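**Student:** Got a structure for you, written out below as structure tokens; questions coming shortly.
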Amino acid sequence: MEMWEGIQSRRSISHLEGYVDEEVVRALIEEAAIWAPNHHHTEPWHFSVLIGESRKRIGDEWARLAADELGLTGEAREKFETKERDKLLRAPVVVVVSQKVSGSSVQVQEDHAAVAAAIQNFLLAAHARGLGARWRTGKMAYHPWLREILKLGAQDVVVGLIYLGWPSSNQEIVARPRTKEGLIDWIIR
Ligand SMILES: Cc1cc2nc3c(=O)[nH]c(=O)nc-3n(C[C@H](O)[C@H](O)[C@H](O)COP(=O)(O)O)c2cc1C
């Protein structure tokens, strides 16, 4: 796939299915994501790959915790838990991409930018392979419980949950509105 075409044709894909080989996921991380620009080569990224049963185990635990925190009971709890429990099952693979936080405030900011760039590399590489992906965040991503269960550092920050799989045939591709007004200032003198 030609690079410009790949950049412009990548879209977030919600309906993901099938089986993704572990070596393909490894390649997306090792041969694409970590080649992102990274000031002082701090390598601030970490990838927790949820594959197979772990998505269900972690989803079950999350659903109970989130329902407890909201103090839900009865039918409302059941409905809420079902919705939360199924979230990680929306794709065969979910890659939790986190930032190892250390150093000065400038380093933290620059490392965050580097991790975001790594995610974009991952998304583009997945697209080039014909895979679909969606970068998600939400309450689970930012809850300290997720860091604990993934054995991340207490200061680490989850930057995205990348849902990965094969686009299902009924996937609707949402066109992207573009505004070019005020996007660029040319500073000449
Ligand atoms: C930091 C960040 C967080 C995001 N969180 C979510 C999310 O929680 N749920 C979701 O459906 N999409 C999420 N997205 C994906 C955006 O919604 C998506 O990229 C945007 O709608 C543009 O669509 P496109 O990727 O198809 O161009 C997130 C994207 C970024 C960069």
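The values are calculated or read from the model by the stated rules, or taken from the named source; none is laboratory data. Only a predicted model underlies this, so the values are computations on that prediction, with no experimental measurement involved. Note that we place each Cβ from the backbone using ideal geometry, even for glycine, and neighbour counts take in every protein chain shown.
**Student:** Conditions first: (1) more than 25 Å from residue 171 (Cβ to Cβ); (2) more than 15 Å from the ligand (Cβ to nearest atom). Residue 115 passes all but one, so which condition is the exception?
**Tutor:** Answer for residue 115: the failing condition is (2).
**Student:** Same structure again: Could you please find all residues in the range 7-23 being more than 16 Å from the ligand (Cβ to nearest atom) and in a helix (DSSP H, G or I)?
**Tutor:** 22, 23
**Student:** Here are some residues: 34, 29, 58. Which one is in contact with a Leu (Cβ under 7 Å, 6 or more places away or on another chain) and closer than 21 Å to residue 141 by Cβ?
**Tutor:** Result of the check over 34, 29, 58: 58.
**Student:** Taking interchain pairs and intrachain pairs at least six residues apart, which have beta carbon atoms under 7 angstrom, with the first residue in the range 1-18 and surrounded by 13 or more Cβ atoms within 10 Å (Cβ to Cβ) and the second of a type in the set (D, E, K, R)?
**Tutor:** Listed by first residue and then by second, the contacts come to 12/134; 13/134; 14/134; 16/90.
**Student:** Among residues belonging to the range 44-97 that are touching a residue at least 12 places away in the same chain (Cβ under 8 Å) and of a type in the set (Asp, Glu), point out the one that is nearest to residue 131 (Cα to Cα).
**Tutor:** Within the range 44-97, the match that is nearest to residue 131 (Cα to Cα) is 86.
**Student:** Could you say which residue among 29, 58, 34 is surrounded by fewer than 18 Cβ atoms within 10 Å (Cβ to Cβ), part of a helix (DSSP H, G or I) and within 20 Å of the chain's Cα centre (by Cα)?
**Tutor:** 34
**Student:** Another question about this same structure. Condition check: more than 16 Å from the ligand (Cβ to nearest atom) and of a type outside the set (Gly, Ala, Ser). Does residue 147 satisfy that?
**Tutor:** Judged against the criteria, residue 147 is a match.
**Student:** Checking the condition away from the ligand (no atom under 14 Å from the Cβ) and not basic (Lys, Arg), which residue from 98, 105 passes?
**Tutor:** 105
**Student:** Could you tell me whether residue 129 is of a type in the set (Lys, Arg), away from the ligand (no atom under 15 Å from the Cβ) and within 21 Å of residue 35 (Cα to Cα)?
**Tutor:** yes
**Student:** Then there's this: Please pick out the residue among 55, 26 that is more than 16 Å from the ligand (Cβ to nearest atom), within 22 Å of residue 147 (Cα to Cα) and either acidic (Asp, Glu) or out of contact with any helix residue (DSSP H, G or I) (no Cβ under 6 Å at 6 or more places or on another chain) (or both).
**Tutor:** 26
**Student:** State all residues of the range 150-179 that are at pLDDT below 90 and within 16 Å of the ligand (Cβ to nearest atom); if no residue qualifies, say none.
**Tutor:** Within the range 150-179, 171, 172, 173, 174, 175, 176, 177, 178, 179 qualify.
**Student:** Can you go through 189, 136, 178 and tell me which one is free of Cβ contacts under 8 Å to residues at least 60 places away in the same chain and touching a strand residue (DSSP E or B) at 6+ places or on another chain (Cβ under 9 Å)?
**Tutor:** Only one candidate passes the filter, namely 136.
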